[in-house]
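J.: My structure is below; once you've seen it, I'll send some questions.
The values are calculated or read from the model by the stated rules, or taken from the named source; none is laboratory data. Bear in mind the structure is a predicted one, so any value in this text is a computation, not a measurement. Neighbour counts run over all protein chains shown; Cβ positions are idealised from the backbone, glycine included.
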Amino acid sequence: MKHILLVDDETELTNPLTRVLSREGYEVDVANDGISGGELALQNDYDLLILDWMMPQQSGLEICQQLRSQGRTTPVLFLTAKDTIDDRVLGLDAGADDYIVKPFELRELLARVRALLRRSATSEVTQSNSRKKKSNYWNILCTILVNYLPTSKFINTCGKKMTNPVVTCWQR
């Protein structure tokens, strides 16, 4: 089950939206201010963050910037009343993956949530495959080195001859 964090100070929105997202099969955590939203976002691994921009104590923009500065790649969807082109550009440049202006159409929001989660899942598979390929390339290189080069060619970083190049190579 995909885990979503919804951060918005308007309980008139978060309560029904939480019910809809739950009915769609998502596990939803809610924070009604920026501070607790930022803490939850940093403490947990969410599949998606839905952030309002304008909130007490800490803005959704600040939460997004904080996550991105720490290397977090969790998809972020802004759901906000900030509706100018400059606002949208600022939000996307801060690291948001998508941006919806309030008031919004529920079907569009759900479609964008599905798209972001789908894109995120595809990205995770691609990263996993990339790590496997790198590992396979390293194993092939080690096999070639061990089988086709004389042992005298294996010198460690201290300049000493390696006694067991196979073990050293596979321990990388």
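J.: Within the stretch 65-104, can you find the residues that are of a type in the set (S, T, N, Q) and without any contact (Cβ under 8 Å) to a residue 12 or more places away in the chain?
T.: Selection gives Ser69, Thr84.
J.: Moving to a separate point now. Check Gly38, Gly60, Gly34 and return the single one that is among the small types (Gly, Ala, Ser), surrounded by 17 or more Cβ atoms within 10 Å (Cβ to Cβ) and within 20 Å of Leu109 (Cα to Cα). Reasoning before the result, please.
T.: Values: Gly38 fails: within 20 Å of Leu109 (Cα to Cα); Gly34 fails: within 20 Å of Leu109 (Cα to Cα).
Only one candidate passes the filter, namely Gly60.
J.: Let me ask something else. Report yes if some residue within the stretch 48-64 is in contact (Cβ under 8 Å) with a residue 60 or more places away in the chain and of a type outside the set (Val, Ile, Thr); otherwise report no.
T.: Initial filter on the stretch 48-64 (in contact (Cβ under 8 Å) with a residue 60 or more places away in the chain): 48, 50.
If we keep only those that are of a type outside the set (Val, Ile, Thr) as well, we get 48.
Yes, that holds for at least one residue.
J.: Here are some conditions: (1) under 24 Å from Glu24 (Cβ atoms); (2) at pLDDT 60 or above; (3) within 24 Å of the chain's Cα centre (by Cα); (4) surrounded by fewer than 12 Cβ atoms within 10 Å (Cβ to Cβ). Val125 meets all but one. Which one does it not meet?
T.: (2)
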